[in-house]
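Asks: Got a structure for you, written out below as structure tokens; questions coming shortly.
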Amino acid sequence: MIEDYKIITITHKSAALKDIGHFVLDESGDISLTDQLEILKEELSIPELIYLPTCNRVLFFFSSENTLDDSFLNQFTEILYPDWGTNLDVFITHEGEDAIRHLFEVAASVDSLVVGEREIIRQLRQSYERCRKEQLTGDSLRLAMDATVKTAKRVYANTRIGEKQVSIVSLAIKKLLESHISKDDRILVVGAGQTNALVGKFLKKYEFSNIAIFNRTLPKAEELAHFTGGKAYALDSLKNYKAGFDCMIVCTGSTEPIITSDLYESLLIGEEDKKVVIDLAIPNNVDHPVPEQFVMDYIEIDGLKLLAKENLAFRAQEVFKAKDIIEQEICEYHTLYKERQIERAFSSMPTQIKEIKSRAMNEVFAKEMDHLDEETKDLLERMMTYMEKKCISIPMKVAKETILPS
Ligand SMILES: NC(=O)c1ccc[n+]([C@@H]2O[C@H](COP(=O)([O-])OP(=O)(O)OC[C@H]3O[C@@H](n4cnc5c(N)ncnc54)[C@H](OP(=O)(O)O)[C@@H]3O)[C@@H](O)[C@H]2O)c1
């Protein structure tokens, strides 16, 4: 049933971005991410599930016969976020067609903080692949994901929503360029994932030449350092780094703060001038008290919201067109979904008919068959195979013609 599609999400529309970090599941603790999701599936009788964390949302897309009422949400919270308490206002829920619509809008970047940011489609695909490989998903979510990717591609191809691409990173770099930092100043980059790879492209483009990159996995830091012309270091060695910095750009997937007060102080090497600190991670990687304790221009995602709003105004007309396409795709999805239901219902038919044919020839009419010559046996076999194919295709055709609109 299309009504079984469900979404529970926390987004930039329901929470401050720094609070979204609270809902990103910890992957470094005793219980693996897959185990956490398996427990959720089991306890709430969820057959299929996708978990998507990004910088402006945490989203659970799943199938379930249950209604997303307060009782369901309370159970959901108790399992995944036991220390969250009873405030359910932060959760946005979508059910049935509305869940499909939300997923299409997320993928087409209509619902993003920075509308038109294509990064979301990569993140959504990556999350799906990960959940699929861990066998958390099945046929219903596969069908929805295929349609989601198709819709997003159609929106990007037929609107100007992704034109003059902006991203959280580009907005942060805009802020950096507006600050007092110059091309020769020391840039310290922490993290070498997809987001900082994009940061690296901008640093290269604007000809910053004094870059130190720290990452948990050294080869990835080396790769980014090679690209930007910087130097690479292992994250562990950050506490011993004594070359100082003028601008620090931090962005890792760690759910714990990386830049603590002690570490920050040691990185300052006694310098007292104003630094620029950019924290693009959700949850933030710069520990909460640090921006208050030290003199700095602190740029983090929540502060970029105003710039994101200006971007939205530019794209408002394109959002309108995108939503039109999404509604057309939702209509098509209803047909696709019914078609798939029919295919599923009829999926055991070929085997069953083959079995009937085999029983007829080898058991029920076995004696009569023994009296036939080889030529007649062959003819009979071919006639039965012909009938077998018709018996499979005709009911499926009739069902599709009866149920689906012409
Ligand atoms: N993608 C976007 O558009 C976007 C935009 C703004 C903000 N963000 C935020 O940026 C952060 C990273 O996103 P991403 O897309 O760059 O992810 P990613 O490509 O998966 O890279 C993750 C990075 O974080 C490091 N990392 C992960 N867990 C760590 C831990 N426990 N301790 C230390 N380092 C750790 C990884 O190091 P290894 O190389 O050793 O694995 C890698 O450098 C997230 O908080 C995300 O919400 C993303």
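The values are calculated or read from the model by the stated rules, or taken from the named source; none is laboratory data. Just so it is clear, the structure is predicted and the values come from calculations on it, not from any experiment. Cβ sites come from the backbone with ideal geometry, for glycine too, and all protein chains shown count toward neighbours.
Asks: Give the residue, chosen from Val166, Val155, that is under 20 Å from the mean Cα position of the chain (by Cα), at negative phi and assigned to a helix (DSSP H, G or I).
Replies: Of Val166, Val155, the one residue that is under 20 Å from the mean Cα position of the chain (by Cα), at negative phi and assigned to a helix (DSSP H, G or I) is Val155.
Asks: State all residues of segment 170-189 that are among the acidic types (Asp, Glu) and not in a loop (DSSP other than H, G, I, E, B); if no residue qualifies, say none.
Replies: Answer for segment 170-189, where residues must be among the acidic types (Asp, Glu) and not in a loop (DSSP other than H, G, I, E, B): just Glu178.
Asks: If Gly193 meets every condition in (1) in contact with a strand residue (DSSP E or B) (Cβ under 9 Å, 6 or more places away or on another chain); (2) buried (at least 20 other Cβ atoms within 10 Å of the Cβ); (3) within 21 Å of Ile301 (Cβ to Cβ) apart from one, which number is that one?
Replies: (2)
Asks: For Leu280, are the conditions met, namely being surrounded by fewer than 20 Cβ atoms within 10 Å (Cβ to Cβ), within 26 Å of the chain's Cα centre (by Cα) and within 16 Å of the ligand (Cβ to nearest atom)?
Replies: Spelling it out, it is not the case that Leu280 is surrounded by fewer than 20 Cβ atoms within 10 Å (Cβ to Cβ), within 26 Å of the chain's Cα centre (by Cα) and within 16 Å of the ligand (Cβ to nearest atom).
Asks: Would you point out the residue of segment 231-269, among those that are in a strand (DSSP E or B) and surrounded by fewer than 19 Cβ atoms within 10 Å (Cβ to Cβ), that is nearest to the ligand (Cβ to nearest atom)?
Replies: Result: Ala234.
Asks: Right, next: Write out, first by first residue and then by second, each pair whose Cβ atoms fall under 7 Å of each other, whose residues are 6+ apart or on separate chains, and whose first residue, in segment 296-318, is free of Cβ contacts under 8 Å to residues at least 60 places away in the same chain while the second is surrounded by 15 or more Cβ atoms within 10 Å (Cβ to Cβ).
Replies: Correct list of pairs: Met296/Lys275; Met296/Val276; Met296/Val277; Tyr298/Val277; Tyr298/Pro291.
Asks: How about segment 191-230: which of its residues are in a loop (DSSP other than H, G, I, E, B) and near the ligand (Cβ under 9 Å from one of its atoms)?
Replies: If the condition is that a residue be in a loop (DSSP other than H, G, I, E, B) and near the ligand (Cβ under 9 Å from one of its atoms), then Gly191, Ala192, Gly193, Arg216, Thr217 are the ones that fit.
Asks: Out of Leu124, Leu188, Leu176, I need the residue that is surrounded by 23 or more Cβ atoms within 10 Å (Cβ to Cβ) and within 15 Å of the ligand (Cβ to nearest atom). Which one?
Replies: From the options Leu124, Leu188, Leu176, the qualifying one is Leu188.
Asks: Find the helices (runs of 4 or more DSSP H) located wholly in segment 328-406 whose residues include 1 or more that are acidic (Asp, Glu) and surrounded by 12 or more Cβ atoms within 10 Å (Cβ to Cβ), and list them.
Replies: 374-403
Asks: Could you tell me whether any residue of segment 131-142 is surrounded by 17 or more Cβ atoms within 10 Å (Cβ to Cβ), within 16 Å of the ligand (Cβ to nearest atom) and not small (Gly, Ala, Ser)?
Replies: yes
Asks: Let me ask something else about it. Taking the conditions exactly as written (of a type in the set (Val, Ile, Thr), at pLDDT 95 or above, more than 22 Å from Asp287 (Cα to Cα) and crowded, with 17+ Cβ neighbours inside 10 Å), does Ile39 satisfy them or not?
Replies: no
A quick yes/no check of all residues on (1) outside the structural domain of Ser112 (by TED's automatic domain parsing); (2) touching a residue at least 12 places away in the same chain (Cβ under 8 Å); (3) closer than 19 Å to Asp4 by Cβ:
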site: Ile325; (1), (2), (3): yes, yes, no
site: Ile330; (1), (2), (3): yes, yes, yes
site: Arg340; (1), (2), (3): yes, yes, yes
site: Glu343; (1), (2), (3): yes, yes, yes
site: Ser348; (1), (2), (3): yes, no, no
site: Lys357; (1), (2), (3): yes, yes, no
site: Lys367; (1), (2), (3): yes, no, no
site: Glu375; (1), (2), (3): yes, no, no
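Asks: May I pose another question? Give the residue, chosen from Ile39, Ile2, Ile10, that is touching a residue at least 40 places away in the same chain (Cβ under 8 Å) and within 18 Å of the chain's Cα centre (by Cα).
Replies: It is Ile10.
Asks: Restricting segment 82-96 to residues that are in contact with a helix residue (DSSP H, G or I) (Cβ under 6 Å, 6 or more places away or on another chain) and over 19 Å from Leu25 (Cβ atoms), which is farthest from the ligand (Cβ to nearest atom)?
Replies: Looking at the filtered set, the residue picked out is Gly96.
Asks: Would you confirm, using the coordinates I've provided, whether Glu207 is surrounded by fewer than 21 Cβ atoms within 10 Å (Cβ to Cβ), acidic (Asp, Glu) and in contact with a Lys or Arg (Cβ under 6 Å, 6 or more places away or on another chain)?
Replies: Yes, satisfied.
Asks: Further question: Could you pull out the residue among Ile31, Ile2, Ile79, Ile10 that is within 16 Å of the ligand (Cβ to nearest atom) and more than 25 Å from Ile301 (Cα to Cα)?
Replies: Unique residue meeting the criteria: Ile31.
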